[in-house]
Amino acid sequence: MTTPHKKLVLGTALLASAVFAAGLTGCNKPVAPVAAPPPAGFTPRQMADGLFVVMSSDRAVYTKQVVARLQNEAKVIKASEHFKDEKALPLPAQMFRMGAEAVAEKNPGFTYGLLSLWPINKQNMPKTDAEKAGLKFVADSGGKTNFYTEETLGGKKYFTAVYADVGVSMACVSCHNGHKDSPRTDFKLDEVMGGVVIRLPL
Amino acid sequence: MNARQKTIGVWLGWVAFLLAMTAYLTHRWRGPDRTAFLPGPTSHGHYQIELACNACHTPWMGVKEKACLDCHGAELKAANDSHPKSKFTDPRNADRLQVLAADNCLTCHKEHVPERTRAMGVMLPDDYCYRCHQETVKERPSHKDYAFNSCATAGCHNYHDNTALYEDFLVKHLDEPKTKSAPRVATRALLAFLNESERWPKKPALTAAEHDAPAPVRADQETLHAWATTSHARAGVNCSDCHLVPDAQSKTKRWSDKLDHTACATCHKDEVGGFLAGKHGMRLAQGLPPMRPALARQPMRREAAHRELSCTSCHGSHEFDSRRAAVESCLACHNDSHSLAYKNSPHFALWAAETKGAAPAGSGVSCATCHLPRQQSATDGVTRVLVEHNQNANLRPNEKMVRSVCLDCHGLGFTLDALADPALVRANFTGLPARHVESLDLAARRLLETQSKQTKP
């Protein structure tokens with residue numbers, strides 16, 4: 001190949017590669033969601049505490065005023081895991097989880113979930129070291145003390161808080177004790193049954 | 001020619017070639033046929049719309065994050081998706097996502113790579129469940145001998161839709177007979193629904209003499225007879241109610257001889273919506289020309305090759321015979337082994353008896369009974385029986401059919417066995433299932449164990 005031809009071919013190849021690379025790499029990536037910073041003046045711990053108070057109050061109201069009242073007292077409707085198929089009420093744990101999923105869809109920057117050392121669904125066992133330590137801590141303290149730590153997951157740092165999840169109603173306790181997949185059948189009213197885990201990105 | 005002239009000539013030639021290629025490719029890109037840009041054949045699910053690149057791709061050929069959910073989101077929600085994205089967005093699942101990025105449809109379902117695409121448009125090996133569910137064989141002694149490549153292929157579990165397979169559902173349907181006594185499908189009451197929902201007012205039936213086609217149009221006797229003796233005239237729907245369509249620009253109504261699905265959608269919005277979501281109408285939904293049997297990958301009858309798919313291709317254009325649409329319209333195009341075996345099947349025997357009047361209404365099983373089933377639906381605040389026109393909503397995996405179709409007439413165990421037998425499916429259910437799905441046996445065993453534990457002193 002003569003020198004001008006070489007330059008021609010090389011030049012075109014370079015240009016084409018540059019365009020190709022730009023097309024492949026530069027123009028397609030969606031903007032990564034940005035975590036919302038906590039409100040000014042709140043420490044991560046205060047924010048997690050505040051969120052937990054709201055979550056647990058909402059669920060306690062649902063458990064006592066809807067499920068316990070209509071299922072156990074008035075006996076007009078049942079609560080069931082398969083609430084759509086059985087035209088029943090969602091279980092309090094499901095109400096909590098559906099709320100967590102709705103929050104996650106809106107991506108406000110924090111996540112939360114319900115876990116247990118004795119879950120009905122094994123997927124809700126603690127997975128990370130912080131979760132395992134936290135759930136054991138709150139269970140051992142009888143629900144009197146919360147657990148706070150920091151952990152790194154997927155290369156990102158989080159402030160993780162674990163709060164005791166207490167069986168506030170016989171509706172919670174009797175259903176878990178009678179469920180075929182429950183590893184424990186001796187829960188008592190007001191006993192720690194699991195934990196709420198809230199994570200705030202740092 | 002000296003060397004310098006030669007060099008200039010080569011450069012000019014090369015630039016001219018580049019400009020010509022650019023012009024040609026731009027012309028192809030802007031034109032109706034973009035097949036030159038397809039990086040590889042698409043799957044059976046999407047081949048019909050493979051030239052509507054914008055359905056899935058961003059302008060610079062990234063894949064739109066919401067592309068899948070735009071079409072499939074509603075169905076997944078209705079099926080109570082067992083593995084929705086929301087299950088994986090919690091940071092606690094970050095390690096799982098590194099093994100398998102299950103928060104993104106594209107991890108398992110890529111297009112344009114047919115050499116890697118397997119059943120259900122999945123690109124992973126059959127044992128993908130292992131990546132997150134290794135503990136199952138330890139926690140469920142009943143599963144200790146099951147291979148991980150059988151989770152989703154044995155008829156017991158699906159990744160997305162387990163509405164007919166979850167354990168409590170199996171327990172509810174233990175010990176059901178193969179065929180229920182006096183099985184019936186729901187009756188449609190379309191006109192009553194249209195009146196109640198105020199989509200169409202109550203009107204007296206019309207006769208041929210009362211048609212309002214304008215003088216220049218003047219329908220022929222055959223067309224008038226077809227209209228006057230069938231459902232539209234009975235409901236008081238006159239010619240102008242369908243044939244006066246708003247002009248695209250001026251929006252004033254003008255007579256049109258050639259109508260499309262938008263004319264039907266005024267009253268039949270839900271049926272048209274289902275049609276556009278399924279394999280019959282998905283091209284129309286993307287603004288492409290209608291589907292034709294010649295374009296299909298399934299075997300189709302040669303004489304139907306160039307017929308365009310629309311509401312009227314199945315329903316007729318003035319006589320609107322839904323019975324014909326339930327069988328004969330399907331068999332006029334479909335030429336695969338399942339369709340060809342239909343007329344020898346026990347299902348067809350029931351349908352033939354019903355259409356002859358020798359069996360009660362709702363006892364026959366047409367193509368539509370299974371593939372466009374009648375379902376309870378709430379529309380405009382009114383509950384009704386809707387014919388689901390998205391034939392894909394009950395197609396693959398075929399366990400999707402269990403609750404919407406098979407359980408109307410059959411017990412769950414027999415249904416699961418039949419659907420798990422591909423030879424029986426091909427023979428259009430002539431004969432008995434040669435396979436057995438063990439899920440009900442396992443559920444019954446665990447029920448007994450639980451009951452005996454609970455009754456122990």
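Scanning segment B:68-99 for residues that are assigned to a helix (DSSP H, G or I), more than 9 Å from chain A (Cβ to nearest Cβ) and among the charged types (D, E, K, R), which turns out nearest to B:Thr58 (Cα to Cα)?
Narrowing segment B:68-99 to residues assigned to a helix (DSSP H, G or I): B:68-78, B:85-87, B:91-99.
Going one step further and asking which of them are more than 9 Å from chain A (Cβ to nearest Cβ), we end up with B:68-78, B:99.
Pick out the ones that are also among the charged types (D, E, K, R) and you get B:70, B:75, B:77.
Details: B:Asp70: 14, B:Glu75: 23, B:Lys77: 25 Å.
For segment B:68-99, the residue satisfying everything is B:Asp70.
Checked against (1) away from chain B (no Cβ under 14 Å); (2) within 22 Å of B:Arg92 (Cα to Cα); (3) modelled with pLDDT of 90 or more; (4) out of contact with any Pro (no Cβ under 6 Å at 6 or more places or on another chain), A:Val34 passes all but condition (3). Given the condition assigned to a loop (DSSP other than H, G, I, E, B), modelled with pLDDT of 90 or more, surrounded by 14 or more Cβ atoms within 10 Å (Cβ to Cβ) and more than 12 Å from every other protein chain (Cβ to nearest Cβ), answer yes or no: does some residue in segment A:73-84 qualify? Yes, segment A:73-84 has at least one match. Suppose the filter is within 14 Å of chain A (Cβ to nearest Cβ) and either in contact (Cβ under 8 Å) with a residue 24 or more places away in the chain or in contact with a Leu (Cβ under 8 Å, 6 or more places away or on another chain) (or both); does B:Arg199 pass it? No: the conditions fail for B:Arg199.
Condition check ((1) within 11 Å of chain B (Cβ to nearest Cβ); (2) out of contact with any helix residue (DSSP H, G or I) (no Cβ under 9 Å at 6 or more places or on another chain); (3) surrounded by 14 or more Cβ atoms within 10 Å (Cβ to Cβ); (4) among the hydrophobic types (A, V, I, L, M, F, W, C)) across all residues:
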residue	(1), (2), (3), (4)
A:Pro119	no, yes, yes, no
A:Lys127	yes, no, yes, no
A:Leu135	no, yes, yes, yes
A:Asp140	no, yes, no, no
A:Glu150	no, no, no, no
A:Ala171	no, no, yes, yes
A:Asp186	no, no, no, no
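Of everything in segment A:158-185, what is of a type outside the set (A, V, I, L, M) and modelled with pLDDT of 95 or more? Give them in sequence order. Quick ask: steps written out before the conclusion?
So the first thing to find is which residues in segment A:158-185 are of a type outside the set (A, V, I, L, M), and the list is A:158-160, A:163, A:165, A:167, A:169, A:172, A:174-185.
Hits for segment A:158-185 are A:Tyr158, A:Phe159, A:Thr160, A:Tyr163.
Of all residues in segment B:102-115, those satisfying the criterion of being more than 11 Å from chain A (Cβ to nearest Cβ), touching a helix residue (DSSP H, G or I) at 6+ places or on another chain (Cβ under 9 Å) and either under 14 Å from A:Arg97 (Cβ atoms) or assigned to a loop (DSSP other than H, G, I, E, B) (or both) are B:Ala102, B:Asn104, B:Cys108, B:His109, B:Lys110, B:Glu111. Could you check segment B:165-205 and list, in sequence order, the residues that are touching a helix residue (DSSP H, G or I) at 6+ places or on another chain (Cβ under 6 Å), in the same structural domain as B:Ser377 (by TED's automatic domain parsing) and crowded, with 16+ Cβ neighbours inside 10 Å? Hit for segment B:165-205 is B:Trp200, nothing else. Among the acidic types (Asp, Glu) and over 28 Å from B:Ala213 (Cβ atoms), is that true of B:Glu328? Criteria not met by B:Glu328. A single member of B:Ala434, B:Ala418 is out of contact with any Pro (no Cβ under 8 Å at 6 or more places or on another chain), within 27 Å of B:Lys343 (Cβ to Cβ) and more than 14 Å from chain A (Cβ to nearest Cβ), and it is B:Ala434.
When the strands (runs of 3 or more DSSP E) confined to segment A:93-202 are screened for residues that are among the β-branched types (Val, Ile, Thr), those reaching at least 2 such residues are found at A:147-153, A:156-166, A:192-201. Candidates are the residues of segment B:189-204 that are of a type outside the set (S, T, N, Q) and not in a helix (DSSP H, G or I); the one that is farthest from B:Leu386 (Cα to Cα) is B:Pro204.
Any residue at all in segment B:441-449 that's under 26 Å from B:Glu75 (Cα atoms) and either crowded, with 19+ Cβ neighbours inside 10 Å or modelled with pLDDT of 95 or more (or both)? Full working, then the answer.
First, pick out the residues of segment B:441-449 that are under 26 Å from B:Glu75 (Cα atoms): none.
Scanning segment B:441-449, I find no residue that is under 26 Å from B:Glu75 (Cα atoms) and either crowded, with 19+ Cβ neighbours inside 10 Å or modelled with pLDDT of 95 or more (or both), so the answer is no.
Go over the candidates B:Gly31, B:Gly45 one by one and state the one that is away from chain A (no Cβ under 14 Å) and either without any contact (Cβ under 8 Å) to a residue 40 or more places away in the chain or over 21 Å from B:Met282 (Cα atoms) (or both). Walk me through how you get there before you give the answer.
Details: B:Gly45 fails: either without any contact (Cβ under 8 Å) to a residue 40 or more places away in the chain or over 21 Å from B:Met282 (Cα atoms) (or both).
Criteria check complete, one pass: B:Gly31.
Of all the numbered requirements in (1) on the phi > 0 side of the Ramachandran plot; (2) without any contact (Cβ under 8 Å) to a residue 40 or more places away in the chain, B:Ala263 misses one, and that requirement is (1).
Where helices (runs of 4 or more DSSP H) sit wholly within segment B:294-348, none has at least 3 residues that are without any contact (Cβ under 8 Å) to a residue 60 or more places away in the chain and over 21 Å from the mean Cα position of the chain (by Cα). For segment B:254-280, a residue qualifies if it is touching a strand residue (DSSP E or B) at 6+ places or on another chain (Cβ under 9 Å) and more than 20 Å from B:His318 (Cα to Cα), and the qualifying residues are B:Asp270, B:Gly274. The single condition among (1) within 14 Å of chain B (Cβ to nearest Cβ); (2) under 30 Å from A:Tyr148 (Cβ atoms); (3) not basic (Lys, Arg) that A:Asp58 does not satisfy is (1).
I'm trying to understand the selection: among the residues of segment B:48-65, which are exposed (fewer than 15 other Cβ atoms within 10 Å of the Cβ) and either within 21 Å of A:Leu115 (Cα to Cα) or more than 10 Å from chain A (Cβ to nearest Cβ) (or both)? Selection gives B:Asn54 alone.
Evaluate segment B:314-333: report whether one residue or more is buried (at least 16 other Cβ atoms within 10 Å of the Cβ), of a type outside the set (Ser, Thr, Tyr), under 13 Å from B:Phe429 (Cβ atoms) and touching a helix residue (DSSP H, G or I) at 6+ places or on another chain (Cβ under 7 Å). No, that holds for no residue.
The values are calculated or read from the model by the stated rules, or taken from the named source; none is laboratory data. Keep in mind the model is a prediction, meaning the values are calculated, not measured. Using ideal geometry, Cβ is built from the backbone for each residue, glycine included, and neighbour counts are taken over all protein chains shown.
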